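Single-structure report; data block below.
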Protein chains: 2
Amino acid sequence: MRKLDITDIEDIALGAALLGAGGGGDPYIGKLIAIGAVREKGPAVLIDPEELEDDAQVLAIAMMGAPTVLAEKAIGGNEYRTLMNMMTQFLGRSVDAIYPIEAGGVNSMLPIAASAHLGIPIVDADGMGRAFPELQMVTFTIGGIDSCPMALTDEKGNCVLYRTISNKWTEELARSVTMSCGGAVSVALYPMSGKQMKEYGVLNILTRSQKLGEAIRTVKNQDSGLSPEEHFLRFSEGYKLFRGKITDVRRETRGAFNFGRVLLDGTGEYKGRSAYVDFQNENLLACVDGEILATVPDLICIVDAETFSPVTTDALKYGKRVFVIGLQCFGLWRTPAGLELTGPRYFGCETDYIPVEERCKGGQADV
Amino acid sequence: MRKLDITDIEDIALGAALLGAGGGGDPYIGKLIAIGAVREKGPAVLIDPEELEDDAQVLAIAMMGAPTVLAEKAIGGNEYRTLMNMMTQFLGRSVDAIYPIEAGGVNSMLPIAASAHLGIPIVDADGMGRAFPELQMVTFTIGGIDSCPMALTDEKGNCVLYRTISNKWTEELARSVTMSCGGAVSVALYPMSGKQMKEYGVLNILTRSQKLGEAIRTVKNQDSGLSPEEHFLRFSEGYKLFRGKITDVRRETRGAFNFGRVLLDGTGEYKGRSAYVDFQNENLLACVDGEILATVPDLICIVDAETFSPVTTDALKYGKRVFVIGLQCFGLWRTPAGLELTGPRYFGCETDYIPVEERCKGGQADV
């Protein structure tokens, strides 16, 4: 158990945004919300999953919707209490701790804000180890854990509570209401026991995010003897996919998702080559000179070529120079059940899943 | 308090379908559901609103969605219990009686089926005195009564509970989920006290429906000395608008509503004349030879030219011979608050509301 100070929060936001793989929202907005809440209400407390009693009651607090909309809509502080009241009423018991549903610039931060507002700790675990666009795409679904009861509220005060027959149906019905509410809402979902969390959660993800964020922050002031790029690939355990300049970003906001493709012209050692990355909130597939180098569920992360700060899909713009890496996803995603939920074919990509380390074997991506 | 027998139910379905003004669902489907429930579970009991204690808890049970879809989807019996469990949990008390939200072939019948399933009585009152396409279009909205908590369930077992900031928002968010669930769902809504029901409800509407249904059933076997048409206009208190043959029906199912226009060529005393009726689930506007003769919130009812059985908008088809009448709506709809909710301009009709009896004054419509 430890209190999160301002630097901790900033590092978590930055590292979680990297793990967001293009989604999960803008870490700048995320950290403003979390730091504001901590300054106003008092510290947020992080606990290790091992500190949870088996019969503890935990649930996730998150935003749902298109990240571009999320950046436009105000987030108050009343939502957390509203969500918690609805959930405790339906669960018939109090909640011992909250947790983030995914890594990402906003969804790693909202539980910190909620922790400050509600005075209950955050568990150092999530349900993805990255960000994914749909609600059923969590390790908990593989574990047979119900997303419901799930509570949803918007900034106007509308509240909706779900009990569905499957996590996919929760996604469907919550997405409809999210769209009707203007494209982004606050939710509480996947209530579960401490035992279930320890069994199926992606453990210590906030601590990992924090270490990644700290390393990005200090990438130019480190004394490893490595170049910043080499150092970045080392600490992130990343596979180098491409370096280039953005030449076009095709976007479409549809069904409360951001769809699109970013096109890149190679720079530096990639000069004369080209690449693209497809996304649905998160990056789905990276293709260099016609060869697919990485797909979901592995993480495709686009970072600023100089600072190595993560660039979310909504921040992609013409002329920006970026560096693209692939990270191995959490092991459970590579099982048949995991690939059924989040493999490339689910997203309409015409390829089987091949782990990023195999796709990059022998190529320039090997480090 | 009286038990409803099979003939009572059949007459209510028929009369309510007339008052449905083209909407509210197919009375044949409605009565099958109600009679099936009564035969299986025991009688449904109707109580007069005056029999309600002021502090009694009542709520409406209804189907929501496009009537065309409603005819395609199976309706089980589990929905009533599911809805009631959700509502009692959120209300924190038991429910003393249920009521129909609107007149109509299906929505007059579901509370009868629910009454048989749940063993609680139906109040002889509703919130429209006709059918309307949107959820906030009830006299209760004029009375400041909240539609929430509202429960929604589909035939698969998905459940959603709403608490919104306005009845219009309930419509918006429930309509989204209705569409995602395939276009038709079961709902429980507008929980209120006996006092509120007596103050704002359209009282004795089931009894009125039953009398209308009985009169339609016996229109050719009555001894009033009047022709069937004269007799029909007399007992329905209707204004004659048109008689003709359907030459075209333009339909569009959009946003879980049935939109359209039916075109008519005059027959009999209307030979050589033409008319159309616009609808959104319910009939909105009747126009004869370019002159508007009736609009919402007054009732525009299309009935079979021979049997005087109501023809719902989804049963309109080429070649059918029909008789079109206008009925005065419940008084509260003619107030400024009522017209804001359900007047012709709300539905996009470019005309002010003029009561049907004034529009038809001096014309052929006067009886």
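Values for this structure:
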item	result
The stretch B:85-106, subset surrounded by fewer than 24 Cβ atoms within 10 Å (Cβ to Cβ) and assigned to a loop (DSSP other than H, G, I, E, B), residue farthest from the other protein chains (Cβ to nearest Cβ)	B:ASP96
Qualifying position, being aromatic (Phe, Trp, Tyr), assigned by TED's automatic domain parsing to the domain that holds B:VAL249 and part of a strand (DSSP E or B), among B:TYR318, B:TYR276	B:TYR276
Qualifying residue in the stretch B:57-66 (condition: over 24 Å from B:ASP278 (Cα atoms), crowded, with 24+ Cβ neighbours inside 10 Å, touching a strand residue (DSSP E or B) at 6+ places or on another chain (Cβ under 6 Å) and of a type in the set (Gly, Ala, Ser))	yes
Residue in the stretch A:164-182 that is away from chain B (no Cβ under 14 Å), of a type in the set (Ser, Thr, Tyr) and not in a loop (DSSP other than H, G, I, E, B) present	no
Qualifying residue in the stretch B:113-124 (condition: among the acidic types (Asp, Glu) and more than 14 Å from chain A (Cβ to nearest Cβ))	yes
Members of the stretch A:136-149 found to be part of a loop (DSSP other than H, G, I, E, B) and in contact with a Leu (Cβ under 7 Å, 6 or more places away or on another chain), listed by number	A:GLN136, A:MET137, A:SER147, A:PRO149
Condition met for B:GLU214 (in a helix (DSSP H, G or I) and within 23 Å of B:ILE112 (Cβ to Cβ))	yes
Where B:GLN136 falls short, out of the listed (1) under 15 Å from the mean Cα position of the chain (by Cα); (2) within 30 Å of B:GLY42 (Cα to Cα); (3) within 14 Å of another protein chain (Cβ to nearest Cβ)	(2)
Of residues in the stretch A:150-163 being assigned to a loop (DSSP other than H, G, I, E, B) and charged (D, E, K, R), the one nearest to the other protein chains (Cβ to nearest Cβ)	A:LYS156
Any chance B:MET109 is more than 22 Å from B:GLN196 (Cβ to Cβ), surrounded by 24 or more Cβ atoms within 10 Å (Cβ to Cβ) and assigned by TED's automatic domain parsing to the domain that holds B:ASP26	yes
Condition met for A:ASN85 (outside the structural domain of A:PHE308 (by TED's automatic domain parsing), within 28 Å of A:TYR162 (Cα to Cα) and free of Cβ contacts under 8 Å to residues at least 24 places away in the same chain)	yes
Residue among B:TYR80, B:TYR99 that is aromatic (Phe, Trp, Tyr), at pLDDT below 95 and in contact with a strand residue (DSSP E or B) (Cβ under 7 Å, 6 or more places away or on another chain)	B:TYR80
The lone exception for B:ASP265 - which of (1) surrounded by fewer than 19 Cβ atoms within 10 Å (Cβ to Cβ); (2) in a loop (DSSP other than H, G, I, E, B) it fails	(2)
Residue match in the stretch A:188-202 (condition: facing another protein chain (nearest Cβ under 9 Å), farther than 30 Å from A:ALA305 by Cβ and among the hydrophobic types (A, V, I, L, M, F, W, C))	no
Residue among A:ALA184, A:ALA188, A:ALA256 that alone is small (Gly, Ala, Ser), crowded, with 22+ Cβ neighbours inside 10 Å, under 28 Å from A:ARG163 (Cα atoms) and assigned by TED's automatic domain parsing to the domain that holds A:ASP278	A:ALA256
Count - residues of the stretch A:16-32 that are in a helix (DSSP H, G or I), surrounded by fewer than 24 Cβ atoms within 10 Å (Cβ to Cβ) and touching a residue at least 40 places away in the same chain (Cβ under 8 Å)	2
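The values are calculated or read from the model by the stated rules, or taken from the named source; none is laboratory data. If you're wondering where the values come from, they're calculated on a predicted model, not measured in any experiment. For neighbour counting, all protein chains shown are included, and Cβ atoms are generated from backbone atoms with ideal geometry for every residue, glycine included.
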